[in-house]
Amino acid sequence: MQIEDIIQKIDFHDSNVIELLHENDRVKLKIDLCMWKQEEYQQGDDELKEVLLEFDSVVDYKWDSNKAETDIDYDTILEISYSNEVLKIVLADDEVSIITFKCNTVKFT
């Protein structure tokens with residue numbers, strides 16, 4: 001799936017990142033997605049759903065935070081943006097963390 005398509009289709013704001021894995025040219029984000037913020041949500045549906053975003057062929061990966069990537073534990077997604085093939089994810093916990101990298105596609109499960 002194209003990254004710009006998933007960002008337009010899914011509202012990630014206020015969802016929580018459970019785990020972040022960056023190995024070589026791959027990034028995996030395990031997220032507790034706020035289903036109640038999604039367009040197709042209907043009352044009675046589960047409010048949260050654990051999903052996995054897998055990015056391949058990642059280049060120029062940058063982690064900007066005072067904490068380590070392995071310290072991610074239910075950090076809240078404040079913003080996800082995509083411009084010029086660069087994905088930017090802003091997270092908040094006790095402090096703000098910013099992840100950026102170049103990529104075109106994502107697997108969403």
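The values are calculated or read from the model by the stated rules, or taken from the named source; none is laboratory data. Note that the structure is predicted; figures quoted are calculated from it, not measured. Don't worry about glycine lacking a Cβ; one is built from the backbone with ideal geometry, like all the others, and counts go over all protein chains shown. Quick note on the areas: whole protein, heavy atoms, side chains included, nothing else; ligands and nucleic acids left out. Shrake-Rupley method; radii C 1.70, N 1.55, O 1.52, S 1.80 Å.
Only one entry in Val90, Val59, Val27 is more than 20 Å from Thr109 (Cα to Cα) and open to solvent by less than 30 Å² (accessible area, probe 1.4 Å), namely Val90.
Consider Ser97 carefully, then state whether it is farther than 17 Å from Lys28 by Cα and hydroxyl-bearing (Ser, Thr, Tyr). So Ser97 does not fit the description; no.
Taking the criterion of being assigned to a loop (DSSP other than H, G, I, E, B) and within 12 Å of the chain's Cα centre (by Cα), would at least one residue in the range 74-94 satisfy it? Within the range 74-94, one or more residues are assigned to a loop (DSSP other than H, G, I, E, B) and within 12 Å of the chain's Cα centre (by Cα).
Of the set (1) over 19 Å from Asp93 (Cα atoms); (2) touching a strand residue (DSSP E or B) at 6+ places or on another chain (Cβ under 9 Å), all apply to Glu40 but (2). Starting from residues that are of a type in the set (S, T, N, Q) and either closer than 14 Å to Asp25 by Cα or modelled with pLDDT of 95 or more (or both), keep the ones in the range 100-109 and report whichever is nearest to the chain's Cα centre (by Cα). Top of the filtered list is Thr100.
Considering the range 48-74, and only residues there that are at pLDDT 95 or above and among the charged types (D, E, K, R), the residue that is nearest to Glu4 (Cα to Cα) turns out to be Glu54.
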